[in-house]
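Written below as structure tokens is the structure these notes are about.
Just so it is clear, none of the values below were taken in a lab; they were calculated from the coordinates. Keep in mind it's a predicted model, so treat the numbers as computed, not measured. Counting neighbours? That spans all protein chains shown, and the Cβs are built from the backbone with ideal geometry, glycine included.
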């Protein structure tokens, strides 16, 4: 009989082709699966994530469930996994849960955090998007409100709307200054492929004065290739949190790290 464990994970995605196992490419799920096999033997197991992250995207809190036949305690399993995983993947917590818990289908919402740097950095390049031009943060904050609500994001994804719905309910989009950084948080029930990076790219274009709010509204009402051309790089994007029933409210918007940046109080 298998036990279901809830895994809470953090990882730097720079060296990986995303979360999902792929042939001939390193993935976060693949590294974890390899560690599970080494610990628990060659028997069948299921490792299911709350959602995919793309190549180069990081996670402050990814959640997965693991069904495996083992007598190990959650604490021993966590230590064993971390002993075998590479340094850029870390298991934060392991809990025994009911088989009714499902990492993906049980999630009520997700939040992503994006970091834009307004200066060149020697240390944090894998974790920010450096924009050289002046950025009007107030203009970005005003335009961010256009994304809130149920909208059709077909212009913001490479998913085929004929095969998968591109309508997404976005709960909140926050834009804040943190010294040398501009932080963008996008919260919603779920997201389609590349959607968050294209929202960020469009907002950055508004901040640089290349787009107006009317342009953003048009992208949400009619098909446009502009958001694809403006896709933000994966380096600044973090899966910040996956929320389940009973979880506390979203924490204040803060920078991921201070590697020489002035981030304020």
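Taking a ≥ b ≥ c as the square roots of the eigenvalues of the Cα gyration tensor of segment 109-243, is the shape rounded (a/c under 1.5), prolate (a/b larger than b/c) or oblate?
On the way: a/c = 1.70, a/b = 1.39, b/c = 1.22.
Prolate, because a/c is 1.5 or more and a/b exceeds b/c.
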* **Fully extended contour minus Cα-Cα distance, from residue 123 to residue 208, at 0.36 nm per residue** => 28.1 nm
* What spacing in nm lies between the two simple spin-label points modelled at residue 73 and residue 138, each 7 Å away from Cα in the Cβ direction? -> 5.7
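Tell me, 169, 113, 47 in order of fewest to most beta-carbon neighbours within 10 Å?
Neighbour counts put them in this order, fewest first: 169, 47, 113.
Looking at the square roots a ≥ b ≥ c of the eigenvalues of the Cα gyration tensor of segment 62-125, which shape do they give, rounded for a/c under 1.5, prolate if a/b is larger than b/c, or oblate? Walk me through the numbers before you get to the answer.
Working: a/c = 4.47, a/b = 1.61, b/c = 2.78.
Oblate.
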* Please identify, among 22, 115, 141, the residue showing maximal mean-square fluctuation in a Gaussian network model of the chain using a 10 angstrom Cα cutoff. => 22
* What order, most packed first, do the peptides 31-38, 207-214 have when packing is the mean number of other Cβ atoms within 10 Å of each residue? -> 31-38, 207-214
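Compute the FRET efficiency between residue 222 and residue 158 as 1/(1 + (r/R0)^6), taking r as their Cβ-Cβ distance and R0 = 22 Å, and round to the nearest 0.05. Show your work: numbers first, answer last.
Values: r = 18 Å, r/R0 = 0.80.
The formula returns an efficiency of 0.80 here.
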* To do: Determine the distance separating the Cα centre of segment 121-175 from the Cα centre of segment 58-96; give it in Å without decimals.
  => 31
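Mean separation of Cα pairs under 8 Å and 6+ residues apart, divided by the residue count of segment 144-189: what relative contact order is that in percent? Before the final figure, lay out each step's value.
On the way: 69 pairs, mean separation 16.3, N = 46.
Relative contact order of segment 144-189: 36 percent.
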* Structure fact -> For residue 34 and residue 189, extending 7 Å from Cα along the Cα-Cβ vector and measuring point to point gives, in nm, a value of 3.8
* Arrange the peptides 237-244, 50-57 so that the one whose residues have, on average, the most other Cβ atoms within 10 Å appears first. => 237-244, 50-57
* To do: Go through 3-10, 71-78 and give me the packing order, highest mean Cβ count within 10 Å leading.
  => 3-10, 71-78
* To do: Could you grab the relative contact order for the chain? Cα pairs under 8 Å, six or more apart, rounded to a whole percent.
  => 22
* **Alpha carbon convex hull of the chain, projected area averaged over orientations, nm²** => 15.2
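Among rounded, prolate and oblate, which fits segment 92-166 when a ≥ b ≥ c are the square roots of the eigenvalues of its C-alpha gyration tensor, a/c under 1.5 means rounded, and a/b larger than b/c means prolate?
Taking the square roots of the gyration eigenvalues as a ≥ b ≥ c, segment 92-166 is oblate.
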* Structure fact -> For 197, 110, 218, ascending order of other Cβ atoms within 10 Å (fewest first) is 218, 110, 197
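Below 8 Å between Cα atoms, with a sequence gap of 6+, how large is the relative contact order for segment 106-252 in percent?
Details: 281 pairs, mean separation 53.3, N = 147.
With pairs under 8 Å counted, the relative contact order is 36 percent.
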* To do: Let me have the 222 nm mean residue ellipticity of the chain computed from DSSP H runs of 4+ only, each contributing -39500 (n - 2.57), with the sum over all residues rounded to the nearest 500.
  => -6500 deg cm²/dmol
* **Scattering curve values for segment 3-97, log₁₀ I(q)/I(0), Debye with Cα scatterers, q = 0.10, 0.13, 0.17, 0.20 Å⁻¹** => -0.22, -0.38, -0.66, -0.93
* To do: Neighbouring Cβ atoms within 10 Å as the yardstick, rank 157, 231 fewest first.
  => 231, 157
